[in-house]
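J.: This is the structure I have questions about; it appears just below.
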Amino acid sequence: MKHLLFACIYLLSCPAWSEMLVVTTIPPLKFILDEFAGDDIEVRTLLSAQAEPHHHSMRVSEVILLEQADLVLWVGPQLETYLSNTIAKLNPEKVITASALPDIEKSVTTSGDPHIWLNPDHARVIASEVAGWIVAREPALQARILADSTRFNTALTTLAEELAVRLAPLKQLNILVDHNAFYHFFLYFGLNEAVSLKTKDGLAKSAGQLRHVLDRAAYDCVIAEPHSSHHRMQHIAANANAPLIVLDPLGGSIEASRHPYRALLEQLATDLEKCLQPNHGSLGPAEQLDEGTTVTGANQVLD
């Protein structure tokens, strides 16, 4: 009886409101929310930056996390096909599909590129949608969320203007990318649309398609990602006599901070500026690529 009495007193003394749990599927979406969520909201991410969102296999613990979340923010089936069935089983009122938001959907449909977070304007749309969802359920947070969101938008505008100036010299470059993950970033900053060595979903193109890409133009810069095949990309860069740069759209090297989304954009710009440097074989901040399996047919195409 004594233990029951203590339990009742404890429950009566605790506040009715508990910390809201928001789960994002990939780190960049968490970066955006971390810019304004504050300590009142727990933001967790389903996958690490080292995971492959195109071809992930769900774990039981990940399904449970999504079920426990108050809100789930995902990019959408264009990027995360593996999630479609699980998302469909959740209460639709607790799910935000970023690629389906009105100001983003047309861009995804037109480009076929689901890496929407790399456009600062899209980040603003996502932040606004999530902020509205939170405030509608926790009105007490409205003043703080509004103030922090306003500060984020102002700071993001300033940063985007600064990066536009820094990236302006790259507008004339012809860039070859391993994976077409940078359409939205390139479009926003007025860079030439990249030619890709892989399909939109990250699969290798055929040997004939690769040869066509490599033969049809001269390239000023070659961009790989951390998961790219090391030998294949170095071979391609050597044949193009162009710098090989590593860009990470998932922000694997971004350290925890109060402004991680802005840090991601700045890191991408800093790495891209290396395209203007003489070709010394520099790979960028990661200094290495995964020693993954070479894409089928690539050696025959490049030899």
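The values are calculated or read from the model by the stated rules, or taken from the named source; none is laboratory data. Because the structure is a prediction, the values reported are computed rather than measured. Virtual Cβ from ideal backbone geometry, glycine too; neighbours counted across all protein chains shown.
J.: Specify which of the listed residues (P169, P120) is within 19 Å of K274 (Cβ to Cβ) and in contact with a helix residue (DSSP H, G or I) (Cβ under 8 Å, 6 or more places away or on another chain). Steps first, please.
T.: Details: P120 fails: within 19 Å of K274 (Cβ to Cβ).
Selected residue: P169, the only one of P169, P120 that is within 19 Å of K274 (Cβ to Cβ) and in contact with a helix residue (DSSP H, G or I) (Cβ under 8 Å, 6 or more places away or on another chain).
J.: Working only within the range 146-177, note down all residues that are part of a helix (DSSP H, G or I) and within 24 Å of L244 (Cα to Cα).
T.: The initial filter retains those residues of the range 146-177 that are part of a helix (DSSP H, G or I), namely 146-172.
Across the range 146-177, the qualifying residues are L163, A164, V165, R166, L167, A168, P169, L170, K171, Q172.
J.: Residues that are under 23 Å from D248 (Cβ atoms): list the helices (runs of 4 or more DSSP H) wholly contained in the range 51-139 that include at least 3 such residues.
T.: Result: 102-111, 120-137.
J.: Looking at V301 and the list (1) modelled with pLDDT of 90 or more; (2) of a type in the set (V, I, T); (3) part of a helix (DSSP H, G or I), which single condition is not satisfied?
T.: Among (1) modelled with pLDDT of 90 or more; (2) of a type in the set (V, I, T); (3) part of a helix (DSSP H, G or I), V301 violates only (1).
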